[in-house]
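Participant: Submitted below is the structure of interest, expressed as structure tokens.
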Amino acid sequence: MLKVKPPDGYPPEQGRYVRGNDYSPVAVCVILDTFDFAIPSELNELAMSGIDSGAALSGLLQTENIGIEKMICNVVANPNVRYIVLCGRESSGHMPGETLLLLKQKGVDKYKRVIDSTALTPTLSNVPMELIDRFNKQIVTIVNLLCKPGERDTKAPGLNPTVIAEAVKACYQEEATPFMGYQLYDIGAYPEPAILHQMVAVLQQPKQSVEPGKDKMSTGLMLHKFLPQSDCQKCGKRNCLAFAIDLGKGKLHLEDCPVLDQPDFAENRKVLAKLLE
Ligand code: SF4
């Protein structure tokens, strides 16, 4: 079976991941549905379960654009990686899980926008089209264990470290191994050389234009996650989302939402204050 030594400089992109067995056929991608200063322990456990059970790389994916671009760079730099185990719960703000699945299923259009993704900016501007094509050919299957947004049950497959470990182990078996509807086994390295591509130089260039209003909308969606979401209108806005958007623009302040003063929302208020620093 073909296996290759990854080149010097692998993995080319830094991120919230751990490097494991370079010859493993699988990487584990845990969706991060909160901010990176408040990573829930259960998501860290999933990533560690992936690495402990033999993944090549195992870590967190937060965004539908830069996060996926970094993943593409790191995967194509190691031809041994042929599977991705996708787990955690979807982030309703960025929709990175849906975007990754659609990237594999439908690819990108001529603007490198992932076809049919409902994320705000699912455009992979910082990686060449050849890398995107190579990623889609090299990865044969994304094992989809992703839970719906807000799922808290750690017995759900996508939040269960034992299930993640089983998925990883199935990927490196020598013979086809059934796992939750998939037939998984180590098919060997992709039969073309590794591609080392770093985004650093591209990231230092001016950002490509974003549709007007989308950045502010994105900030508003982030802030909205931590508001009470009762849409009570005590702040004078028609709902919490409208409040969140004005909060992001600096037109309103946390004190303008009286519900945030309640003890139940003390932690949310702290997070919001940090985000607004
Ligand atoms: S007062 Fe607070 S909880 Fe009520 S709608 Fe406004 S932001 Fe939402």
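Taken together, the values in this text are just the output of simple stated rules run on the coordinates, not laboratory data. Keep in mind that this is a model prediction, so the values were computed, not measured. So basically every Cβ, Gly included, is an ideal-geometry build from the backbone, and we count neighbours across all protein chains shown.
Participant: I'd like the per residue volume of the convex hull spanned by the Cα atoms of the stretch 92-184, given in cubic angstrom.
Facilitator: Hull volume normalised by residue count: 114 Å³.
Participant: Taking K and R as +1 and D and E as -1, what net charge do the other residues with C-beta under 12 Å from the C-beta of residue 140 add up to?
Facilitator: +2
Participant: Could you derive backbone 3J(HN,Hα) for the stretch 244-260 from the dihedral phi with the Karplus parameters 6.51, -1.76 and 1.60 (θ = phi - 60°), listing whole Hz in sequence and x where the residue is Gly or Pro?
Facilitator: 4, 5, 5, 5, x, 7, x, 7, 10, 10, 4, 5, 6, 9, x, 5, 5
Participant: Okay, next question. Suppose we look only past 16 Å in the calculated P(r) of the stretch 1-41. What percent of the Cα-Cα pairs does that tail hold? Let's see the in-between values first.
Facilitator: Details: 415 of 820 pairs.
When all Cα pairs of the stretch 1-41 are counted, 51 percent exceed 16 Å.
Participant: Would you mind putting 39-51, 62-74 in packing order, based on average other-beta-carbon counts within 10 Å, highest first?
Facilitator: Highest-to-lowest ranking by the protection proxy: 62-74, 39-51.
Participant: Would you please give the residues with an amide H less than 5 Å from that of residue 147, counting only those at least 5 places away or on a separate chain, with H modeled from the backbone geometry?
Facilitator: Hits under the 5 Å cutoff: 88, 89, 90.
Participant: Per residue, how much space in cubic angstrom lies within the convex hull of the C-alpha atoms of the stretch 1-99?
Facilitator: Dividing the Cα hull volume of the stretch 1-99 by its residue count gives 88 Å³.
Participant: Please report the antiparallel percentage of DSSP beta bridges with both residues in the stretch 17-203, rounded to the nearest 5.
Facilitator: That works out to approximately 35 percent antiparallel.
Participant: Still on this structure: Please report the antiparallel percentage of DSSP beta bridges with both residues in the stretch 1-95, rounded to the nearest 5.
Facilitator: Here the antiparallel bridges make up roughly 20 percent for the stretch 1-95.
Participant: Could you check which residue among 107, 181, 150 shows the biggest mean-square fluctuation in a GNM of the chain with a 10 Å Cα cutoff?
Facilitator: Sorting by GNM fluctuation, first place goes to 181.
Participant: Using helices alone, I'd like the mean residue ellipticity at 222 nm for the chain: each DSSP H run of four-plus residues gives -39500 (n - 2.57), total over residue count, nearest 500. Please report the intermediate quantities before stating the final value.
Facilitator: Working: 9 runs with 90 residues, N = 277.
My calculation for the chain gives -9500 deg cm²/dmol from helical runs alone.
Participant: Here's something else I'd like to know. Taking the highest mean first, how do the peptides 19-31, 130-142 order by number of other beta carbon atoms within 10 angstrom per residue?
Facilitator: Descending mean neighbour count gives 19-31, 130-142.
Participant: Right, something else. Give a residue-ordered list of calculated ³J(HN,Hα) values for the stretch 14-21 (Karplus: 6.51 cos²θ - 1.76 cosθ + 1.60, θ = phi - 60°; whole Hz; x for Gly, Pro).
Facilitator: 7, x, 8, 9, 10, 8, x, 7
Participant: While we're on this one: Between 251, 112, 169, find the one with the highest GNM mean-square fluctuation for the chain; connect C-alpha pairs within less than 10 Å.
Facilitator: Comparing 251, 112, 169 in a Gaussian network model of the chain, the most mobile one is 251.
Participant: Let me ask something else about it. Can you list residues whose amide H is under 5 Å from residue 185's amide H, if they're 5+ apart or on another chain and H is modeled 1.01 Å from N?
Facilitator: 177
Participant: Given springs between every Cα pair under 10 Å in a Gaussian network model of the chain, which of 124, 254, 32 has the largest fluctuation?
Facilitator: 254
Participant: Please state, to two decimals, what the Cα-based radius of gyration of the stretch 214-275 comes to when divided by 2.2 N^0.38 Å (N = residues). Write out the running numbers ahead of the final one.
Facilitator: Details: Rg = 10.4 Å, N = 62, 2.2 N^0.38 = 10.6 Å.
Ratio of Rg to 2.2 N^0.38 Å for the stretch 214-275: 0.98.
Participant: When a footprinting reagent is the concern and you count Cβ atoms within 10 Å, what order do 35, 179, 243, 265 take, fewest first?
Facilitator: Ordered by Cβ neighbours within 10 Å, fewest first: 35, 265, 179, 243.
Participant: Continuing with this model, one more query. For a quick check: with amide H placed at 1.01 Å from N, whose amide H comes under 5 Å from residue 108's, ignoring anything fewer than 5 positions away on the same chain?
Facilitator: 115
Participant: Moving on to the next point. Mind pulling the angle between the C-alpha long axis of helix 66-76 and the longest principal axis of the chain? Nearest 10 degrees, somewhere in 0 to 90.
Facilitator: 10
Participant: Still on this structure: Ratio of Rg to Rh for the stretch 17-203, alpha carbon only, Kirkwood?
Facilitator: Details: Rg = 15.2 Å, Rh = 16.2 Å.
Rg divided by Rh gives 0.94.
Participant: Using each residue's phi in the stretch 85-100, evaluate 6.51 cos²θ - 1.76 cosθ + 1.60 at θ = phi - 60° and report the 3J(HN,Hα) Karplus result to the nearest Hz, with x for Gly and Pro.
Facilitator: Karplus-based 3J(HN,Hα) across the stretch 85-100 equals 9, 9, 8, x, 10, 4, 8, 5, x, 9, 6, x, x, 4, 5, 5 Hz.
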